[in-house]
Amino acid sequence: MKYTEVMVRYGELSTKGKNRKDFIGRLAGNITRLLNDFPEVEIHPKHDRMHIVLNGAPFEEIDSRLKRVFGIQTYSPTIKVEKTLDAIKKTSLELMQATYQDGMTFKVNTRRSDHDFEYDTNQLNMMVGDYLFDNMPNLKVKMKKPDLVLRIEVRKDAIYISNQLIKGASGMPVGTAGKAMMMLSGGIDSPVSSYLALKRGVEIEMVHFFSPPYTSDKALAKAKELTGILANYSGKINFIAVPFAEIQEQIKEKLPEGYLMTIQRRFMLQLADRIRAKRGGLAIFNGESVGQVASQTLESMVAINDVTTTPVIRPVATMDKTEIIRLAEEIGTFDLSIKPFEDCCTIFAPPRPKTKPKLDEARKLEARLDVEGLIQRAMDGIEVTPIYPNQKFLDDQAQIDLDLL
């Protein structure tokens, strides 16, 4: 079918009262950026819904992108027709023939905002329904919860016909909840946390710690590629690579083994907080799940969070591993997350880390180090890379490896 526009419904945005206009404006901006390679497309945000006029752009490609836009409850591909009964009947039949499958049920649902139109809603329902039965004898009507609802909207300018109601990503438009730093590792949990932060409207920048020569270029490329997958839900995401080897070396050399993980995490959080302050963030997100590993017990969180008063938000804190994996598979990060490239969290992991570290002891041990000097040198070495949807990095690195053979 040659659809002429897409009708977008907002869902949760309808609860935003006086701020509704700002939320709709942000959603329109996000969709505009997402579709910027389709200059023919026009976006018209209204109070109750948004109209995306295709002007010949392929709906299939638009559809694949809209599915990942937070803030959309549902949307429908629509055909605009002249305000004549013949045009309504002809287009309704073509649309049903293109989408109806044997065994499906349907009904006709007409809405009329133009009350000067010559036929009322009941008349149109009957006439269009009769015409469809005359030309498609296998049709089955069901008034409650049919498989297809043929929607006919009579407006002042034209008539709009659709019969699909496609579920959107829901949530809030990215950017409406402010900006935060996401502590991204190469594992399963933090990409899922990133997705959930984006879904609540948070604009995130990725903070990734890497420790060459202990971590490989592939580990860094993997984290960037994960960011590229997540960028499908928000557009460009800034990736901030933080050198961490010197800090890990100093901790391993000077501090007892049981507290290595605790002190490393304290440094990571301090660095994330410095970056947040420098880049205008309001909070820090991470992928911690309560009790999953030694550094994620409540006692560990107390000892680690001690270094900042900035809100540290953990979207997957109460999810078990099977729930996190299921969501990782849905958003497309799981297969990449399980690739075996070690990150800095695993290379210096002690065999018996403290599961219940003492806050006073953590402070005392950390004071043995040149905390400010270590943090400042790491801050001086950060690299910021803008990453775009589906941008690849591991393939490039694989090719470099081949070239070196």
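The values are calculated or read from the model by the stated rules, or taken from the named source; none is laboratory data. Model, not experiment: these values are computed from the prediction. Positions of Cβ are backbone-derived with ideal geometry, glycine not excepted, and every protein chain shown enters the neighbour counts. Just the protein is used for accessible areas: all its heavy atoms, side chains included, with ligands, DNA and RNA removed. Shrake-Rupley method; radii C 1.70, N 1.55, O 1.52, S 1.80 Å.
From the list MET136, MET181, MET143, exactly one residue is closer than 30 Å to ARG279 by Cβ and among the aliphatic types (A, V, I, L, M). Which is it?
Criteria check complete, one pass: MET181.
For ASP86, which of the numbered conditions (1) open to solvent by less than 60 Å² (accessible area, probe 1.4 Å); (2) at pLDDT 95 or above fails to hold?
Condition (1) is where ASP86 drops out.
Assess whether ASP116 counts as being over 34 Å from the mean Cα position of the chain (by Cα), over 30 Å from LEU139 (Cα atoms) and not in a helix (DSSP H, G or I).
So ASP116 passes the test.
For the stretch 298-307, what are the residues that are part of a loop (DSSP other than H, G, I, E, B) and closer than 26 Å to TYR214 by Cβ?
VAL307
Give the residue that is surrounded by the fewest Cβ atoms within 10 Å (Cβ to Cβ), with candidates limited to residues of the stretch 265-279 that are among the basic types (Lys, Arg) and closer than 15 Å to MET182 by Cα.
We begin by selecting, within the stretch 265-279, every residue among the basic types (Lys, Arg); these are 265-266, 274, 276, 278-279.
Subsequent filtering for residues that are closer than 15 Å to MET182 by Cα retains 265, 274, 276, 278-279.
Working: ARG265: 24, ARG274: 18, ARG276: 20, LYS278: 12, ARG279: 14.
Result: LYS278.
Which count do you get for residues in the stretch 17-39 that are farther than 15 Å from PRO173 by Cβ and either open to solvent by 70 Å² or more (accessible area, probe 1.4 Å) or touching a Phe, Trp or Tyr at 6+ places or on another chain (Cβ under 7 Å) (or both)?
4
When the residues of the stretch 267-286 are narrowed to those that are under 20 Å from ALA317 (Cβ atoms) and assigned to a loop (DSSP other than H, G, I, E, B), which ends up nearest to the chain's Cα centre (by Cα)?
So, considering only residues that are under 20 Å from ALA317 (Cβ atoms) and assigned to a loop (DSSP other than H, G, I, E, B), the one nearest to the chain's Cα centre (by Cα) is ASN286.
Looking only at the stretch 267-290, which residues are at pLDDT below 95 and among the polar types (S, T, N, Q)?
Result: SER289, single match.
Among the residues of the stretch 249-264, are any surrounded by fewer than 19 Cβ atoms within 10 Å (Cβ to Cβ), touching a residue at least 24 places away in the same chain (Cβ under 8 Å), in the same structural domain as SER289 (by the TED database) and of a type in the set (A, V, I, L, M, F, W, C)? Talk me through it step by step, then tell me what you get.
Going through the stretch 249-264, the residues surrounded by fewer than 19 Cβ atoms within 10 Å (Cβ to Cβ) turn out to be 249-250, 252-258.
With touching a residue at least 24 places away in the same chain (Cβ under 8 Å) added as a condition, the list becomes 250, 252, 254-258.
Those still in the list that are in the same structural domain as SER289 (by the TED database) too: 250, 252, 254-258.
Cutting the leftovers down to of a type in the set (A, V, I, L, M, F, W, C) gives us 255.
Yes, the stretch 249-264 contains at least one residue that is surrounded by fewer than 19 Cβ atoms within 10 Å (Cβ to Cβ), touching a residue at least 24 places away in the same chain (Cβ under 8 Å), in the same structural domain as SER289 (by the TED database) and of a type in the set (A, V, I, L, M, F, W, C).
For the stretch 299-315, name all the residues that are free of Cβ contacts under 8 Å to residues at least 24 places away in the same chain and either within 20 Å of ALA349 (Cβ to Cβ) or not assigned by the TED database to the domain that holds VAL202 (or both).
If the condition is that a residue be free of Cβ contacts under 8 Å to residues at least 24 places away in the same chain and either within 20 Å of ALA349 (Cβ to Cβ) or not assigned by the TED database to the domain that holds VAL202 (or both), then MET301 is the only one that fits.
Tell me, yes or no, whether the stretch 202-214 has at least one residue that is at pLDDT below 95 and open to solvent by less than 10 Å² (accessible area, probe 1.4 Å). Steps first, answer last, please.
Initial filter on the stretch 202-214 (at pLDDT below 95): 210-214.
If we keep only those that are open to solvent by less than 10 Å² (accessible area, probe 1.4 Å) as well, we get 211.
Yes: one or more hits.
Of the residues SER64, SER113, only one is out of contact with any His (no Cβ under 9 Å at 6 or more places or on another chain), assigned by the TED database to the domain that holds ARG20, modelled with pLDDT under 95 and open to solvent by 70 Å² or more (accessible area, probe 1.4 Å); which?
One residue alone meets the criteria, SER113.
Quick check on the stretch 147-160. Is at least one of its residues in a loop (DSSP other than H, G, I, E, B), among the aliphatic types (A, V, I, L, M) and not assigned by the TED database to the domain that holds ARG279?
There is at least one residue in the stretch 147-160 that is in a loop (DSSP other than H, G, I, E, B), among the aliphatic types (A, V, I, L, M) and not assigned by the TED database to the domain that holds ARG279.
Of all residues in the stretch 126-154, which are under 22 Å from LYS80 (Cα atoms) and open to solvent by 40 Å² or more (accessible area, probe 1.4 Å)?
MET126, MET127, ASP130, TYR131, ASN135, ARG151
Can you tell me how many residues within the stretch 287-297 are part of a helix (DSSP H, G or I) and of a type in the set (S, T, N, Q)?
Number satisfying all stated conditions: 2.
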